[in-house]
1. Just one of the numbered conditions (1) modelled with pLDDT of 95 or more; (2) more than 23 Å from E64 (Cα to Cα) is not true of T13; which one?
2. Give just the number: which of (1) at pLDDT 95 or above; (2) under 14 Å from the mean Cα position of the chain (by Cα); (3) loosely packed, with under 12 Cβ neighbours inside 10 Å; (4) not polar (S, T, N, Q) does A78 not satisfy?
3. Filter the range 48-65 down to residues that are more than 25 Å from A78 (Cα to Cα) and out of contact with any Phe, Trp or Tyr (no Cβ under 8 Å at 6 or more places or on another chain) and give me whichever is modelled with the highest pLDDT.
4. Collect the residues in the range 40-65 that are closer than 19 Å to W17 by Cα, part of a strand (DSSP E or B), out of contact with any Gly (no Cβ under 8 Å at 6 or more places or on another chain) and not hydrophobic (A, V, I, L, M, F, W, C), keeping them in residue-number order.
5. Among (1) in contact with a Phe, Trp or Tyr (Cβ under 9 Å, 6 or more places away or on another chain); (2) at pLDDT 95 or above, where does S2 come up short?
Amino acid sequence: MSYDDYEVEYHLTPSGWMVGTSYFYGKAQQEVQPPSDRALTVIRQVAQASGWSREEVSWSTKWESPDTPPDVLKSLIAKYGEHPS
């Protein structure tokens, strides 16, 4: 078992990035309803093999709105970034 393993959802909306549900070892810790105007949901995954090792961080797309035109999504990403910093 790894030392640390958690994920956090982030939702891209016309107002910017919003924090969503967080998970610790796959179990939801704080459930947050996705905003109704989200265009994209990404997950930040963090794993650490031991207390002395470096955190491994990765990002992945969890959901993309089928109702958001591609040019609108591109402009939101250009304005707010591919994921929150």
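1. (2) is the only condition that T13 fails.
2. All conditions are met except number (2).
3. Step one: filter the range 48-65 for residues more than 25 Å from A78 (Cα to Cα), giving 48-56.
Narrowing further to those that are out of contact with any Phe, Trp or Tyr (no Cβ under 8 Å at 6 or more places or on another chain): 52, 54-56.
Working: W52: 84, R54: 88, E55: 87, E56: 91.
Among residues in the range 48-65 that are more than 25 Å from A78 (Cα to Cα) and out of contact with any Phe, Trp or Tyr (no Cβ under 8 Å at 6 or more places or on another chain), the one modelled with the highest pLDDT is E56.
4. Quick first cut of the range 40-65, residues closer than 19 Å to W17 by Cα only: 40-46, 57-65.
With part of a strand (DSSP E or B) added as a condition, the list becomes 40-46, 57-64.
With the extra rule that they be out of contact with any Gly (no Cβ under 8 Å at 6 or more places or on another chain), the set shrinks to 40, 42-46, 57-64.
If the condition is that a residue be closer than 19 Å to W17 by Cα, part of a strand (DSSP E or B), out of contact with any Gly (no Cβ under 8 Å at 6 or more places or on another chain) and not hydrophobic (A, V, I, L, M, F, W, C), then R44, Q45, S58, S60, T61, K62, E64 are the ones that fit.
5. (2)
Okay, residues lined up against (1) buried (at least 16 other Cβ atoms within 10 Å of the Cβ); (2) of a type in the set (D, E); (3) touching a residue at least 12 places away in the same chain (Cβ under 8 Å):
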{"residue": "L12", "(1), (2), (3)": "yes, no, yes"}
{"residue": "Q33", "(1), (2), (3)": "no, no, no"}
{"residue": "V42", "(1), (2), (3)": "yes, no, yes"}
{"residue": "Q48", "(1), (2), (3)": "yes, no, yes"}
{"residue": "W52", "(1), (2), (3)": "no, no, no"}
{"residue": "W59", "(1), (2), (3)": "no, no, yes"}
{"residue": "D67", "(1), (2), (3)": "no, yes, no"}
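The values are calculated or read from the model by the stated rules, or taken from the named source; none is laboratory data. These numbers were taken from a predicted model, which means no experiment stands behind them. Counting neighbours? That spans all protein chains shown, and the Cβs are built from the backbone with ideal geometry, glycine included.
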